[in-house]
Amino acid sequence: MLLAQIHPAPERVLGPKVQHKAVLELLSRCGGPVGLRKAGRKLLSIATVHAPRMGDRLVAQIMTALDEQTVTVPGTVAAETILPRLADSLRDVLRQRDQVAAEVDRMLDAHPLAPVLTSMPGIGVRTAARILLEVGDGTAFPTPGHLAAYAGLAPVTRRSGSSIRGEHPPRGGNKNLKRTFFLATIAALADPVSRAYYDRKRAEGKRHNAALICLARRRCDVLFAMLRDKIPYQPRPLPALVSAA
């Protein structure tokens, strides 16, 4: 952030919250350290409009940070002019992102497979949209194994001469889809059926990541069947799951 080059202390306060509407409004109206200090307590009225709960604390942190540096760094005047423009540009980008996300939500609502995908634990609107974007209706994949390979979830057996060194997750596959599957799998750990399968793999001696891969691979098979048959997720009873291989 440009602010770090001229006044590191306020950047430590504002940097982590730079996408917050209150911070963008402050930077847009006041610019850098000079403008913020000149605004003084007026910052409170600006901040509390967009951040009623943290407005007091945010302004107090800014004023404390401003007092930590007494030297004016070369380039401060130029930064004071540039910072409001950067804040406005970032605000426009965030607004456009929200508009695109809303449009994606509307498109997903109209897709016939939307209720099928979102019925699966761990798959929300954005995750379902990514799966539809990468996989479509699933008809391009003859078997669950093909889909798993495309998603980078099919384990690869490493061999060295005549010895087999075990199975390892592949490094290839569609990285966007693989990341989506993993995020959905982590979210699905709150589901009792998914958690039971994960715990079973851990009990077998697998580490966390290996157990997640196993669960993601199993969910890939289930997702394939859901897309093929166009039916919502149907969880298996826990006793049957525990006894399954």
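Numerical summary
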{"item": "DSSP H segments from the chain that extend 20 Å or more along their own axis, Cα-based, with Kyte-Doolittle mean of 0.5 or above", "result": "none"}
{"item": "Qualifying aspartates and glutamates (Cα of each under 20 Å from Cα of Lys21; at least 8 residues distant if same chain)", "result": "Glu11, Asp56, Glu80, Asp88, Asp92, Asp98"}
{"item": "Sorted by Cβ neighbour density within 10 Å, fewest at the top, the residues Arg91, Arg85", "result": "Arg85, Arg91"}
{"item": "FRET efficiency estimate (nearest 0.05) - Cβ-Cβ, Val71 to Ala4, R0 22 angstrom", "result": "0.90"}
{"item": "Dipole of the chain [Lys/Arg +1, Asp/Glu -1 at C-beta], most positive-end residue of Asn176, Pro52, Leu3", "result": "Asn176"}
{"item": "Selection from Met107, Ala78, Val222 lying farthest towards where the dipole of the chain points positive, charges on Cβ", "result": "Val222"}
{"item": "Residues of type aspartates and glutamates that Lys17 reaches as a straight line, Cα spacing below 13 Å, ignoring anything fewer than 8 places off in the same chain", "result": "Glu25"}
{"item": "Highest average packing first - 112-124, 213-225, Cβ atoms within 10 Å", "result": "213-225, 112-124"}
{"item": "Qualifying lysines (Cα of each under 26 Å from Cα of Lys178; at least 8 residues distant if same chain)", "result": "Lys201, Lys206, Lys230"}
{"item": "Distance between modelled label sites at Ile186 and Ile82, nm, 7 Å Cα→Cβ extension", "result": "3.4"}
{"item": "Relative packing of 172-182, 65-75, which averages over residues the other C-beta atoms within 10 Å, highest first", "result": "172-182, 65-75"}
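Bear in mind these aren't lab numbers, they're just calculated from the coordinates by the rules spelled out. Since the model is a prediction, treat every value here as computed from it, not as a measurement. Positions of Cβ are backbone-derived with ideal geometry, glycine not excepted, and every protein chain shown enters the neighbour counts.
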